[in-house]
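Step one of this worksheet: look at the structure below.
The values are calculated or read from the model by the stated rules, or taken from the named source; none is laboratory data. The structure presented is a predicted model; accordingly, all values stated were derived computationally and were not measured. Here the Cβ is made from the backbone with ideal geometry for all residues, glycine too, and neighbour counts use every protein chain on show.
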Amino acid sequence: MSEPSADSAPVPEPGSDLPLRVAELEGEVLRLRDTLLRSTADQQNLQRRHQRERDDLRRYAVAGLIEDLLPALDAFSLGLASASSQADGRAVAEGFRMAVTQLRTILSSHGLVEIVPAGQPFDPSRHESVGQEPSVDVPEGAVIRVVRSGWILHDRVVRPAAVFISSGPAR
């Protein structure tokens, strides 16, 4: 009779613990199946996370550029307001108006939305308070005046609106 090799399982002798060995192997199969299912689930979760990260990267890739452009948009808007108030500046105002409209259209096509909080309750996640003013018309805690526009890129605040908050009627 030849001896079993070192890398093959020993053949049980008749009447030995064959049912015990079968139970051990069934347990090992269950453990390996569980490991396989967990590994597959982990890989699917990793693929979903990577897909979300790629989607976020695409959605917010222009965020830095947009943040850099917002001061230029503010300057255009200030120039437009200044030129509109002067009789000799009507042509200049129209040029500013066209530039501002075009820039806003381009930015909105990339998912940028202006925060327009006048009259709304103060929201610290979207607004930055720069002061308070008394008002009989605007309820206490609501935005009374916008100093600088705020902006949202898709669902993220790129720049909060700088606002004055109503302190209610003067006392």
### Message
Take the conditions surrounded by 13 or more Cβ atoms within 10 Å (Cβ to Cβ) and of a type in the set (Asp, Glu) and apply them to residue 24. Does it pass?
### Response
no
### Query
Do you know which of the residues in the range 119-143 that are at pLDDT below 90 and among the small types (Gly, Ala, Ser) is farthest from residue 161 (Cα to Cα)?
135
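For the subset of the range 94-113 comprising residues that are touching a strand residue (DSSP E or B) at 6+ places or on another chain (Cβ under 6 Å) and surrounded by 15 or more Cβ atoms within 10 Å (Cβ to Cβ), which member is nearest to residue 79 (Cα to Cα)? Can you show your working first?
At the first step, the residues of the range 94-113 found to be touching a strand residue (DSSP E or B) at 6+ places or on another chain (Cβ under 6 Å) are 111-113.
Add one more test, that the residue is surrounded by 15 or more Cβ atoms within 10 Å (Cβ to Cβ), and what stays is 111-112.
Numbers: 111: 25, 112: 22 Å.
Among residues in the range 94-113 that are touching a strand residue (DSSP E or B) at 6+ places or on another chain (Cβ under 6 Å) and surrounded by 15 or more Cβ atoms within 10 Å (Cβ to Cβ), the one nearest to residue 79 (Cα to Cα) is 112.
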### Query
When residues of the range 133-158 are filtered for being buried (at least 18 other Cβ atoms within 10 Å of the Cβ) and under 14 Å from the mean Cα position of the chain (by Cα), how many remain?
3
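Rundown of residues vs (1) under 27 Å from residue 58 (Cβ atoms); (2) in a strand (DSSP E or B); (3) out of contact with any His (no Cβ under 7 Å at 6 or more places or on another chain); (4) not assigned by TED's automatic domain parsing to the domain that holds residue 57, yes/no style:
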{"residue": "99", "(1), (2), (3), (4)": "no, no, yes, yes"}
{"residue": "104", "(1), (2), (3), (4)": "yes, no, yes, yes"}
{"residue": "132", "(1), (2), (3), (4)": "no, yes, yes, yes"}
{"residue": "135", "(1), (2), (3), (4)": "no, no, yes, yes"}
{"residue": "140", "(1), (2), (3), (4)": "no, no, yes, yes"}
{"residue": "146", "(1), (2), (3), (4)": "no, yes, yes, yes"}
{"residue": "158", "(1), (2), (3), (4)": "yes, yes, yes, yes"}
### Task
Could you list all residues from the range 91-118 that are under 18 Å from residue 152 (Cβ atoms) and touching a residue at least 12 places away in the same chain (Cβ under 8 Å)?
103, 104, 107, 110, 111, 112, 113, 114, 115, 116, 117, 118
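If I filter the range 74-85 for residues that are in contact with a Pro (Cβ under 9 Å, 6 or more places away or on another chain), surrounded by 10 or more Cβ atoms within 10 Å (Cβ to Cβ) and part of a helix (DSSP H, G or I), do I get at least one hit? First the steps, then the outcome.
To start, the set of residues in the range 74-85 that are in contact with a Pro (Cβ under 9 Å, 6 or more places away or on another chain) comprises none.
So far as the range 74-85 goes, no, none of its residues is in contact with a Pro (Cβ under 9 Å, 6 or more places away or on another chain), surrounded by 10 or more Cβ atoms within 10 Å (Cβ to Cβ) and part of a helix (DSSP H, G or I).
Just checking, which of 127, 154 is under 23 Å from residue 70 (Cβ atoms) and in contact with a helix residue (DSSP H, G or I) (Cβ under 6 Å, 6 or more places away or on another chain)? Talk me through it step by step, then tell me what you get.
Details: 127 fails: in contact with a helix residue (DSSP H, G or I) (Cβ under 6 Å, 6 or more places away or on another chain).
That would be 154, the only listed residue that is under 23 Å from residue 70 (Cβ atoms) and in contact with a helix residue (DSSP H, G or I) (Cβ under 6 Å, 6 or more places away or on another chain).
Just to be sure before I move on: is residue 31 over 30 Å from residue 165 (Cβ atoms) and part of a helix (DSSP H, G or I) in the structure I sent? Before the answer, list the steps.
Numbers: over 30 Å from residue 165 (Cβ atoms): yes; part of a helix (DSSP H, G or I): yes.
Yes.
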